[in-house]
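All remarks here apply to the structure that follows.
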Amino acid sequence: KFRHSTTASLPQHGDRGFPFAAAAAAAGQAPPRPLPAAAMRFMLLFSRQGKLRLQKCYVPLSDKEKKKITRELVQTVLARKPKMCSFLEWRDLKIVYKRYASLYFCCAIEDQDNELITLEIIHRYVELLDKYFGSVCELDIIFNFEKAYFILDEFLLGGEVQETSKKNVLKAIEQADLL
Amino acid sequence: MSDIVEKTLTALPGLFLQNQPGGGPAAAKASFSSRLGSLVRGITALTSKHEEEKLIQQELSSLKATVSAPTTTLKMMKECMVRLIYCEMLGYDASFGYIHAIKLAQQGNLLEKRVGYLAVSLFLHESHELLLLLVNTVVKDLQSTNLVEVCMALTVVSQIFPREMIPAVLPLIEDKLQHSKEIVRRKAVLALYKFHLIAPNQVQHIHIKFRKALCDRDVGVMAASLHIYLRMIKENSSGYKDLTGSFVTILKQVVGGKLPVEFNYHSVPAPWLQIQLLRILGLLGKDDQRTSELMYDVLDESLRRAELNHNVTYAILFECVHTVYSIYPKSELLEKAAKCIGKFVLSPKINLKYLGLKALTYVIQQDPTLALQHQMTIIECLDHLDPIIKRETLELLYRITNAQNITVIVQKMLEYLHQSKEEYVIVNLVGKIAELAEKYAPDNAWFIQTMNAVFSVGGDVMHPDIPNNFLRLLAEGFDDETEDQQLRLYAVQSYLTLLDMENVFYPQRFLQVMSWVLGEYSYLLDKEMPEEVIAKLYKLLMNDSVSSETKAWLIAAVTKLTSQAHSSNTVERLIHEFTISLDTCMRQHAFELKHLHENVELMKSLLPVDRSCEDLVVDASLSFLDGFVAEGLSQGAAPYKPHHQRQEEKLSQEKVLNFEPYGLSFSSSGFTGRQSPAGISLGSDVSGNSAETGLKETNSLKLEGIKKLWGKEGYLPKKESKTGDESGALPVPQESIMENVDQAITKKDQSQVLTQSKEEKEKQLLASSLFVGLGSESTINLLGKADTVSHKFRRKSKVKEAKSGETTSTHNMTCSSFSSLSNVAYEDDYYSNTLHDTGDKELKKFSLSSELLDSESLTELPLVEKFSYCSLSTPSLFANNNMEIFHPPQSTAASVAKESSLASSFLEETTEYMHSNAMEVCNNETISVSSYKIWKDDCLLMVWSVTNKSGLELKSADLEIFPAENFKVTEQPGCCLPVMEAESTKSFQYSVQIEKPFTEGNLTGFISYHMMDTHSAQLEFSVNLSLLDFIRPLKISSDDFGKLWLSFANDVKQNVKMSESQAALPSALKTLQQKLRLHIIEIIGNEGLLACQLLPSIPCLLHCRVHADILALWFRSSCSTLPDYLLYQCQKVMEGS
C-alpha cells in the first residue's frame, strides 16, 4: 500500500524488522521465526458456547500461543453483535468469521487480503462438510472431527486454496475412505 | 445452509438416546459407541472447568498407559490418537503421544496412516525435533505405488517439513510433477510452494518446472502454480513480465466461462482463480505502462462481467478495483472502478461498506475527489457502532489529512484512542498522530498538546522513534530561530503545568521526554528560577513509581540545571540522598553530580546551555586511559575481558555436552536455550548512546543513533514493555485539545438532544471541516501540494543530505553491478559453470559491462585498480568476443602478458577461481621463476612457474618450500620434474593452509636443477602472504548470522569515516566485498550484514550501520585476532578508496 513518506519510520504492516530478530529468537526472546506466511494463518471452529471444535494453524505457533489466540478470539467474536461486520482487526491480522447455526467459523488472514473471498472459502468448506455428512450438524463435526480435518486438508493446503471443485475434493476423500 | 443445522449442543444429551434423524453416514453412528464418543459426552455433561480438567487428566493418563503398552494394536492406536487430538485441541498437553503419531504414520495401514499423518500435522510445528523422524516415512510413501499413500505424504509435506531435510525429498517431489494423476501433480506443486516459502534458494533451480505447471492441462494444477508465481512476483516483479500475456490469456478464458462447469462457484467461474490472477496482474502492471496496456481489455471485461448480486462477485470486483488502481492508470477503467467503489460504499450491507472504505483508503491518494463524493457516508461511518468501521474510516482520514483539516482528524483519532484498549491499535494510531502532528501542526500550542496526548496514551507501548523524533525536532529546530525558542518555551511551560498536578501518573517515556526538555530549555523561562524546576524534578526522583531508568534522565536534567542555579539546597539534599542510594547507577550519578557541583567552573564548561545539537568528540578507544592500564598491567593485573567473553569462558569451563558437530556448522541451534551473550556486549561500547548513561548525554544528545536497535538485552525490536500498568488508568492532560475543535461537532450527548435537522447540519459542518482542502483546486496532487505549503516542522538540511546520498548511490550503482560481475568468477562456481546454459541473458550482462569498461568513466571507479591486480581470466569458458574484458587492462599488459600466457597452460583446472597476477620472484641467466596466488575456496594455491630460458635441457628440477611456522604447505602431485626441456615452462603448485593466524608472513623456498648432469644450481626466493589471502566469503543466511552472532565472544567496534565516493551503504559494502572478499548477506535500510571466514573455517561476522558519513563497523568472531585484523583492513579500504 502506498503511504505517506515520513521522516519518522514507523512500523507498518509487513515490516520485516532487522534480522537480528532472528538472534533474539535464538536466545528465546521472540517467537520462533518471522513467518513464512501463507495466505491464511489459521482457522478455528467453535460453538456458541465457546467450545473449540476444530483448530488448524498454517503458521508455526507454540501451544501457549495457540491457547491464547483461541481464548482471545472466541471471546471477541462471541461478543460481537449480529448486525456487525464479519471482519475484525486483531493484532496485525484480519479475522473473518461467520456463524452457521451453532458454529462459528473463523479465519485469520493478512490485512491486504480479500476478506470477501475468505468468507466464500468458509462457505465452500461448509458446503463440502454438508455434502459429505449429508446435512451436516455440529454433532457430526464433534464426533468425526478427524473427518472434518481430512476434508479441510483436501480443500486448503498449507493455508492456500488447493482445490475449488467440490466434486474433486469429495472424490479425493472418498478414495481415501474406501481403502 | 442455516436451515439445515438447528441441532445444538444444548440438545445433546437427549440426542444420544435416539437415532439421529437423517443423520450422517455410518461412520457417525459407529462413533457413538466409541471411546471418543463417551469422552465427548462425558465432557459435555460436566458443568465446571475444574471437573473437565479432572476428567481429561484421567483420560490422558489412561491413554498414556495404552499407547506405551506393547499389546496395543495399531487399530487401537489409531483410536487413541483421535482422542489425543481431541484432548490437545481442548488445550491439554498430550506431548507423550507425539512419537506414537509418527510411529502410526510409519507402520499403520492406510486408514491408520492417515490418522497418524493428521496427528503429526496437528501436533508438531516446523522446527519440532521429532519431525526429523518423519522424513523416512515420507520418503517411503512418496515412492509408493499406491496413489493414496503418495497423496498423504504430499499433503503432510505441504504443511510441515523440516527445512534442512528438503534435499532428501526434493527429487522425488520433482518427479511427481510429471505424474499422470492431476491430484498428485497439484499436491506436488503445493509442496514446492511450501519449500519456496521456507527455503527459497533450495527450489531456485526448478523455476522452469514451475512454468510447466503453469501450462498444465489440468486447471487445478495450473491454479496451484499461481500461488508460487504470486509469491515470486511479489518479491521481484520484473523477472516475470514475459508471463503477463499468459496470465491475461488465462484470465480471459476464465472470465469467458471456458473452464469446466465444476469450477464454477455459485455460477461464477472459478472465483479464486480470478482473484489470484488479478493480484498477479496488479503486481506486474505496477509502474509499467507497456505491461499494463496488455491487461486493460481483460480488466474491463472483468468489471463488466461481474454483475451478479452475490458476495463472490463483489470479492472479484474488489480485487479488480484494486488492480485497476495499482497498474498504470487508464482513465476509462478508473472511472468504472470508481463507480464500483461507489456501489460498495453505498451498500446497506455492512461487509460491503467496510470493503468500500478499504478500497477508498487505497485509492484516495490518486483520486481525492472520491472522498468528496462520499463524504456524508464517511461521516456516518465515523460514528458507526462497529469499531472496525470507525477504524477503517480513520485510516481513510489519515490519508487525506492536510494542514486545514488536521485538528479535526487528529481529534477524531484521539477520541478513538481513548476508547481502545488493544495495544496494537494504540501503537498504530499513536504513531500516525505523531506523524501527522509533526507534518501539519497549525501552531506550537496545538503541537505540544497533541504530543502530550500521544505520550500520555501511547505511554510505554509506543514506538521509541516517536519520543526520539520529537526531541530531535525540538533540539534541531527549524528555519526560524525565534519560532524554535517559542516552541521550546511552550513545551517547558506545558510540562511544568503537568507536573504541578497532584496524583497524576505519567508513563515513564513521557517523564523522560519532560526531563530532557526541562533540563535543556528551562533557561528560556523568565520568571521561573532553575531552583523551582529542580525542586519539581526532585519530587519526581523521590517518587517510588518512577523507574530507575527515568531517574537517570531526571538526575541528568538536574545536573544540567545545577550549573544555572544560584542556590542549591535541593541539589545538596539530592546529593545527600542518592550518594547512599542502594541503586549503584543512581549512586554513580549522584557522585558525579557531587564532584561537578564542587567545581562550578568545570561544570559550566562541561554543560553549556543549549548545545545539545553540537557534535561531541568521543575518544571511543579510551586512549587517555592507556597509561593507567599499562601501569595496572605492569603491576600484574589481568587484562580486561568484556563481560560476555568472561561468561563464554565460564561456560566453556563447565562440563556440558557439546551438541555442535565438530568444525563449523550453521544449521545448529545449540545456542537457543542460552542467555544471550549479546546482552552484555555493550560493555565494550563506549560511545555512550544508551539511555541509562544519563550524564554522558548532558553535553550532546547523540541523535543520529537514536533509533535504538540495540540495548541491554541485545536487539530491541520495538519492545512493548508490559510494565505499563499506569497506562490504562491515564487521565488525559488537562489542556486537552478539545478547545481547538468546535464543541458542537464533538459532543455526542449534546447531539442526541438536538433535532434531526440539527444533527444533519452538524454532519455537514463536520464534513466541511474534514474535507476542506479536497476541493477541485487541489485534485491533481492533493497531498504533495499540501506538503509543500504547510510543512510546519520541516527539518533543516536533512532533505538535501538524502538527495546527495541518492545521487551518489546511483553513481555507485554502475560500480556495484560491475563488482558483482567481478565476483562471479570466484564467488559462485556453480554460477560460472552454468553460464553456458543460461545463455542470452548473462551474455547481455557481460557485453554491457564490456561497454562500461570501454568508456572512460570507468577510470574513476575504484574497481579498475582491482582489475589490474587480479585477472579474472576464464578464456576457455567463453568463446564469445565479449569476454575480452576479463583480460588485464592494457596499461599493465606489456609486463603481464607473458606471464599470463604462461599461466594459461594450467588454467584448465583453476579457471573458476580468482588469482593474482604473476610476479617474478627470482631469476638468473638460465631460469626465471614467477609466482602467483590462486584463491581457491578451501585453500590458497601458490603456483610457481619456472621457465627454462636457456637452450639446454635441465634435469631433476625441483622446487622446495621451507617449512614455515604459521603455514602448512602441501605439495601438489607431479611437482618434481625429471627433465625440463629447453625453453619451456613448468609449474609447481602448493596448497597453503594456515596453522595459526598471523598478520604478515613469508614463504621461502628454492629451486634446484642440474644442467647437463654436472653443473647443479640453486636459487632462493620468497613470497609475501597476508592473512587476506586466506579470507573467503562465508555464505550464510541472515538467520544463521543471528545465531552465530550470539555465539561469538570476540568483538570489536569502530566508527570509520567514509570517503565521498562511498557515501551509500551498498557501495561501501560492495567495496568491502571486492577487496576483502566478504560476503554480503543482506542490506536492510542503513544496516548491512556481512560474513567471511578465515580458512579453514574460522567465521567472522560483520555488522555495519551507516549514519551520515560514518560507518559503524562491528565485528564478531570466535577467533580473537581476526576482528582486529579485519577492522584494520576495512579501515584501509574505506580510507584508501
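The values are calculated or read from the model by the stated rules, or taken from the named source; none is laboratory data. Because the structure is a prediction, the values reported are computed rather than measured. Methodologically, a virtual Cβ is constructed for each residue, glycine included, from the backbone with ideal geometry; neighbour enumeration extends over all protein chains shown. All accessible areas refer to the heavy atoms of the entire protein, side chains included, with ligands and DNA or RNA removed. Shrake-Rupley method; radii C 1.70, N 1.55, O 1.52, S 1.80 Å.
Mean separation of Cα pairs under 8 Å and 6+ residues apart, divided by the residue count of segment A:40-178: what relative contact order is that in percent?
Once normalised by length, the contact order is 22 percent.
Take B:ILE208, project a point 7 Å from its Cα along the Cβ direction, then tell me which residues of segment B:173-192 have their backbone nitrogen under 16 Å from it.
From segment B:173-192, the list is B:174-175, B:177-178.
Too long at a 32 Å Cα-Cα cut-off: which of B:LYS349/B:LYS412; B:LYS650/B:LYS1035; A:LYS67/A:LYS167; B:LYS641/B:LYS996; B:LYS336/B:LYS763?
Beyond 32 Å: A:LYS67/A:LYS167.
So if we plug the beta-carbon distance of B:ASP615 and A:ARG71 into 1/(1 + (r/R0)^6) with R0 = 60 Å, what FRET efficiency do we get, rounded to 0.05?
About 0.70, to the nearest 0.05.
Heavy atoms only, 1.4 Å probe, whole protein assembly: order B:LYS234, B:LYS103 by accessible area, highest first.
B:LYS234, B:LYS103
Got a number for the accessible area of B:ARG305? Probe 1.4 Å, square angstrom, nearest 10.
120 Å²
If you average the sequence gap of Cα pairs under 8 Å that are 6 or more apart and divide by the length of segment B:919-1029, what percent do you get for the contact order?
Relative contact order for segment B:919-1029 comes out at 27 percent.
What does the convex hull of the alpha-carbon atoms of segment A:91-162 project to on average, in nm²?
5.1 nm²
Solvent-accessible area of B:GLU577, probe 1.4 Å, all protein chains present, reported in Å² to the nearest ten, please.
Accessible area of B:GLU577: about 70 Å².
Just checking the output field for A:111-124: average partner chain Cβ neighbours within 10 Å of each residue's Cβ?
6
Can you give the mean number of other chain Cβ atoms that lie within 10 Å of the Cβ atoms in peptide A:76-89?
The shielding value for this peptide is 4.
Which one, A:ALA176, A:GLN162, A:LEU128, projects farthest toward the positive side of the charge dipole computed for segment A:40-178 from Cβ point charges (K/R +1, D/E -1)?
Sorting the options by dipole projection puts first A:LEU128.
Report the FRET efficiency, 1/(1 + (r/R0)^6), for B:ASN1086 and B:HIS1015, where r is their Cβ-Cβ distance and R0 is 60 Å, rounded to 0.05.
The computed FRET efficiency comes out at 0.35.
Over 18 Å apart: what share of the alpha carbon pairs of segment B:919-1029 falls there, rounded to a whole percent?
Above the 18 Å cut-off, segment B:919-1029 has 47 percent of its Cα pairs.
For segment A:40-178, what is the convex hull (Cα atoms) projected area averaged across all directions, in square nanometres?
8.3 nm²
So how exposed is B:ARG41, as accessible area in Å² (1.4 Å probe, rounded to 10)?
B:ARG41 exposes around 70 Å² with every protein chain in place.
Please give the per residue accessible area of segment B:919-1029, computed with a probe of 1.4 Å over protein heavy atoms only, in Å².
So segment B:919-1029 comes to 46 Å² accessible per residue, rounded to a whole number.
Would you rank B:TYR932, B:TYR240 by solvent-accessible area, highest first, keeping every protein chain in place and using a 1.4 Å probe?
B:TYR240, B:TYR932
If you take each beta carbon of peptide A:146-154 and count the beta carbons of other chains within 10 angstrom, what is the mean?
5
Starting from the residue with the highest accessible area, list B:ASP610, B:ASP484, B:ASP93 in decreasing order, probe 1.4 Å.
Per-residue accessible area, sorted high to low, gives B:ASP93, B:ASP610, B:ASP484.
Note the buried accessible area between A and B here, summed over both chains, with a 1.4 Å probe, in Å² to the nearest 100.
Buried surface at the A/B interface: approximately 10100 Å².
Between B:GLU502 and B:SER68, 0.36 nm times their residue separation minus their Cα-Cα distance comes to what?
Value of the extension gain: 149.7 nm.
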